[in-house]
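As structure tokens, the structure follows; a few thoughts come after it.
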Amino acid sequence: MNRIKAALKKYWGYDEFLPLQEQAIGSVIAGRDSVVVMPTGGGKSICFQAPAVTLPGLAIVISPLISLMKDQVDALTECGVPAARLDSTRSAGEQNAVKALIRKRELKLLYISPERIVSPGFFESLDKPAISLIAVDEAHCVSMWGHDFRPEYRQLGFLKQTFPQVAIHAYTATATERVRKDIATQLRLDNPEVLVGSFDRPNLVYKVERRRDGLNQVCAVLDRHQNETGIIYCIRRADVDEMCAALAARGYNVAPYHAGMEDEDRKRSQEAFIREKVATIVATIAFGMGIDKSNVRYVIHTGMPKSLEHYQQQSGRAGRDGLEAECSLFYSGADYGVWKYILRDSEPEAGKIALAKLNDIYHYCAGVTCRHRAILNYFGQDLDKDDCGACDVCLGDLDCVENPLEIGQKVISCILRLGERFGADHTTLVLSGSRDERILKKGHDALSTYGLLSDFKRRVVRDWVEQLVAQGYVRKAGEFNVLNVTGKGRRLLEGTETPRLLKPAEKKRRRISRAARDSWEGVDENLFEALRSLRRQIADRKHVPAFHVFSDATLRDMARLKPATPEGFLEVRGVGEMKCEQYSTAFLAAIRQHRDGEQPGPAPLPQTD
Ligand code: ADP
Ligand code: ZN
């Protein structure tokens, strides 16, 4: 373990392991099969990369996507670790070069696509290297219960037969028990050690708002993140095009991405995003798998995803570097309707499950409990603190009304007076005392509950109705979502149950999230900006993504410690020997310049478009 710690420092520049990394590495050293479940950004790759460097022999890594493999191999090369990949895109010459390295025993990690590894005669062609370990990345792909099922992964069971003496380690971020079991069975693991990390992502700040004027709400998030990159998810392709055009018209630097675009255009958008030529990508869920960009600072959902699994996966693309990132979700009851409509055609069993998941995420959106806790509970875990310090509920962006019982009773009585035959919009109009034709025609202005909540903005009343639905006091029934009062709702009316109802915060006493406070602590922000632009210049010159040079976390630590010597530079978290050698001169010069007051300023980029 000490040798591995030394390697962690030498190649990656880290002093400590992240939670669970040491245990996961423990099973690799012990040669015991393992299934390791860590959330995105938990640092799974180090679990097999660090031991691979120190153990004798060659580590085989199976990864489902060529882009992911390329990314990891490039990142390893940047750190000075001998790694290579074999997949269908390599030319015969490139493949031979890799094989020559294997023959000379000069390689520590070999990334292989599942198609390639299951092809007959593959291992024979490698000249029998000694294999240190086998790592299966994104291992949920073996399971039909996972969301990215890959048939070739099913065949990976042959590995255990062919190499009974080599331990196999499976890594995934997918939480469910069912998928975990499936992984062990399909890969024929032998009494594997199962390690499951906490799914909490404390650096993600979750916010949920009802969608009102979608565009302005989205702009408000973008304005909070100037000079930072992020993703906007829309439900439909048409929404992507529309949102993209609207944002571009307002001067935001955006690019679209969805399955309906030409391959070329899509690739260009993705490339521009990764190289930080565009700040924001507007996309359907087609975007994401295989994107390894670690400094995504915000993920916005302009509509409600169809399950919390989807939400966790998509929002999880933010903040993989461990620094604070914002996940804002704008939802409306209409999204629920859209999904319900889409699900109508699914076969009964699957449809029932999908509808249950839809209800769960809807309750999450309209709910008023800590978002971190709600998500964790959904995945069967609990939060170990009362105040997460990183969600709209805990940060006090939302205030609770003082008299929720009274308000709740007014809403419930109104629903009953309406004979439980009307939807949320109509009920809201009655409660707010609207002169709308629909109300007057039906004579609903004569109801005793008419205008009971006319002191409040209509959209606030509408929100309360949804919150009562989310908390189980009211149910939406039938094709038209008419409101029914549940047993719990009747108890509310009797005064034996009290709901929690929110009002939008009037006083802007926004607390800053804990993650943001910690990660900016002591950082010279001007220097950080200067280092960022230097990083971009270097990345452009080398044609690699900026975060491959250094992560945002590393730049902040640099702008905190302000090292003056190469030795000091090595102390920065995320600076290993190889990167120190390559980059210390340029970055130390920038730090010196900054200290001497000669602001380098944003240096001109070699090529901009
Ligand atoms: P995952 O594959 O689980 O999403 P990664 O392996 O991409 O996560 O790691 C996420 C981030 O955490 C990367 O930027 C990585 O460099 C960083 N990281 C990994 N291990 C450590 C560590 N021990 N200390 C600090 N940062 C780490
Ligand atoms: Zn919270």
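The values are calculated or read from the model by the stated rules, or taken from the named source; none is laboratory data. Please read all numbers here as calculations on a predicted model, not as lab measurements. Please note: Cβ atoms are built from the backbone with ideal geometry, for glycine as well, and neighbour counts cover all protein chains shown. Surface accessibility is based on the protein's heavy atoms, side chains included, excluding ligands, DNA and RNA. Shrake-Rupley method; radii C 1.70, N 1.55, O 1.52, S 1.80 Å.
Listing for the model above:
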| item | result |
| --- | --- |
| Single residue of segment 535-556 satisfying the filter (without any contact (Cβ under 8 Å) to a residue 24 or more places away in the chain and open to solvent by 10 Å² or more (accessible area, probe 1.4 Å)) that is farthest from T229 (Cα to Cα) | K542 |
| Enumeration of residues in segment 349-393 that are within 15 Å of ligand 2 (Cβ to nearest atom), modelled with pLDDT under 90, touching a helix residue (DSSP H, G or I) at 6+ places or on another chain (Cβ under 7 Å) and closer than 14 Å to Q467 by Cβ | G367, V368, V393 |
| Helices (runs of 4 or more DSSP H) wholly inside segment 409-512 that include at least 1 residues being within 36 Å of the chain's Cα centre (by Cα) and either within 17 Å of G333 (Cβ to Cβ) or not assigned by TED's automatic domain parsing to the domain that holds I361 (or both) | 424-431, 458-470, 487-494 |
| Evaluation of T280 against (1) over 26 Å from G43 (Cβ atoms); (2) open to solvent by 10 Å² or more (accessible area, probe 1.4 Å); (3) among the hydroxyl-bearing types (S, T, Y) (one fails), failing number | (2) |
| Filter pass, G396 being surrounded by fewer than 19 Cβ atoms within 10 Å (Cβ to Cβ) and within 16 Å of ligand 2 (Cβ to nearest atom) | yes |
| Options L358, L329, L323; residue that is open to solvent by less than 20 Å² (accessible area, probe 1.4 Å), in a loop (DSSP other than H, G, I, E, B) and assigned by TED's automatic domain parsing to the domain that holds S294 | L323 |
| Matching residues, segment 269-285, being more than 26 Å from S307 (Cα to Cα) and either touching a residue at least 12 places away in the same chain (Cβ under 8 Å) or in a loop (DSSP other than H, G, I, E, B) (or both) | S269, A272, F273, I274, R275, E276, K277, V278, A279 |
| Selection from segment 55-84 of residues that are open to solvent by 30 Å² or more (accessible area, probe 1.4 Å) and out of contact with any Gly (no Cβ under 9 Å at 6 or more places or on another chain) | L55, P56, K70, D74, A75, T77, P82 |
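The rows are residues; the columns are (1) modelled with pLDDT under 85; (2) within 12 Å of E420 (Cα to Cα).
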site: L468; (1), (2): no, no
site: Q471; (1), (2): yes, no
site: L483; (1), (2): no, yes
site: K488; (1), (2): no, no
site: L493; (1), (2): no, no
site: T496; (1), (2): no, no
